[in-house]
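For reference, the structure discussed in these notes is given below.
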Amino acid sequence: MENQQHARRCLVGLCVVGWITVTGAILRTAPQDEGSASSFDRGFRDELLDRTGSLPRLRSLLISIDGELAEEHYYHGFSAGRTANLKSASKTIIGILVGIAIDQGYLSGVDQTIAEFFPTHLDGPAKKAITIEDLLSMRSGLETTSNRNYGRWVQSGNWVQHVLTRPLVDRPGGRMIYSTGSTHVLSAILTKATGTSTLEFGRRHLAQPLGIGLPAWQRDPQGIYFGGNEMQVTPRAMLKIGELYLKSGVLGGRRIVSEGWVHASLVPRTWSRFSGRQYGYGWWMRTMAGRRVYYAWGYGGQFVFLVPDLEMTVVITSSPVPDEGRRWYLRMLYELVENQLIPAAVRAAEGAP
């Protein structure tokens, strides 16, 4: 493969799909219909391959515009059939499943208190007042189980009980306290409310309607599927999830999640004191290149970016293994989206050369 230098070239009336090697990274470029709204110019593509090929942690980059796959590249031995560990982007999928459970009547709404599900784990009226919305938006008020507390939590004998017995460090509904435990409690709630596992519920009501796979992933000591980490799906599956939200919950003519839930998920509910970015129900929000962008974000550089103004979805997966260059690499990804991908999509939409 090292000697292959065939890049995708689109000529008048002809598109050829091939392979290209950039600094040792094998990339595959997806076919694209001539004249589609997702067409990028050749100069953009050459620049894109040159820039992304120099990122050693990068594993995949996919771009769709208005539901049409415009770019699809894989790096460093990764391929379309391999799943990616979403890390904390798993929280976004758990949030979607909560919305579907509400849509279908398994849950009464985001104001439902968690005391209905865990009456014996909650001491005091303040904890009993914590709602599903508080968990979705990271405003439970409970001490975090992430960062320095993560190891102690996942080594405990009962993950849900460990989360719910943490001390309150703020009032429920107060400031954002990022905690993977909050999303894990949502997985436990889904299990109790639906009478099936989070995996089976996710397969039946999200994965199968989308036509994607949802492999089994890690469970806690009680058998609850990890809510908020370790889910693994292919980059193309991630793209479909993004497109589902851009289409307000309908994909392929089928309603999968309500329009109301999609919109509610993307309303800013709080913000991070560390990054300054807003957060909804499992989705982060920021402005990039003057446009509102919503994104699922997982450790190490796992992303699903939504740019509604351009009907654009961008999926990026990366090595989830930590290293010293992680923060630099993350900045490079944000700059790639803001300074290269969004401007190129604007030019394509305007028909500019």
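I'd like the residue in region 103-149 that is more than 26 Å from Ser272 (Cβ to Cβ) and small (Gly, Ala, Ser) and, out of all such residues, is modelled with the lowest pLDDT.
My answer is Gly124.
Of the numbered conditions (1) surrounded by 22 or more Cβ atoms within 10 Å (Cβ to Cβ); (2) closer than 19 Å to Arg51 by Cβ, Pro343 satisfies every one except a single condition; which is it?
With respect to (1) surrounded by 22 or more Cβ atoms within 10 Å (Cβ to Cβ); (2) closer than 19 Å to Arg51 by Cβ, Pro343 is out only on (1).
Quick one: which of Val321, Val267 is surrounded by fewer than 18 Cβ atoms within 10 Å (Cβ to Cβ), under 22 Å from Ala80 (Cβ atoms) and not assigned by TED's automatic domain parsing to the domain that holds His205?
Numbers: Val267 fails: under 22 Å from Ala80 (Cβ atoms).
The unique qualifying residue is Val321.
Could you list, in sequence order, the residues of region 275-318 that are of a type in the set (D, E, K, R) and either assigned to a strand (DSSP E or B) or not assigned by TED's automatic domain parsing to the domain that holds Lys240 (or both)?
Answer for region 275-318, where residues must be of a type in the set (D, E, K, R) and either assigned to a strand (DSSP E or B) or not assigned by TED's automatic domain parsing to the domain that holds Lys240 (or both): Arg286, Arg291, Arg292.
Is it the case that Gly151 is in a loop (DSSP other than H, G, I, E, B), within 26 Å of the chain's Cα centre (by Cα) and free of Cβ contacts under 8 Å to residues at least 40 places away in the same chain?
On the way: in a loop (DSSP other than H, G, I, E, B): no; within 26 Å of the chain's Cα centre (by Cα): yes; free of Cβ contacts under 8 Å to residues at least 40 places away in the same chain: yes.
Answer is no for this residue.
How about region 80-128: which of its residues are of a type in the set (Asp, Glu) and part of a helix (DSSP H, G or I)?
Asp103, Glu116
If Pro172 meets every condition in (1) under 22 Å from Leu107 (Cα atoms); (2) not in a loop (DSSP other than H, G, I, E, B) apart from one, which number is that one?
Of (1) under 22 Å from Leu107 (Cα atoms); (2) not in a loop (DSSP other than H, G, I, E, B), only one is false for Pro172: (2).
Looking only at region 175-194, how many residues end up being part of a helix (DSSP H, G or I) and of a type in the set (Lys, Arg)?
Total meeting the criteria: 1.
Taking the residues in region 119-134 that are acidic (Asp, Glu) and over 16 Å from Gln161 (Cα atoms) as candidates, determine which candidate is surrounded by the most Cβ atoms within 10 Å (Cβ to Cβ).
Asp134
Does at least one position in region 52-64 carry a residue that is under 28 Å from Gly253 (Cα atoms), assigned by TED's automatic domain parsing to the domain that holds Tyr295, in a loop (DSSP other than H, G, I, E, B) and out of contact with any strand residue (DSSP E or B) (no Cβ under 6 Å at 6 or more places or on another chain)?
no
The values are calculated or read from the model by the stated rules, or taken from the named source; none is laboratory data. None of these values were measured; they are calculated from a predicted model. With ideal geometry, Cβ positions are generated from the backbone for all residues, glycine too; neighbour counts draw on all protein chains shown.
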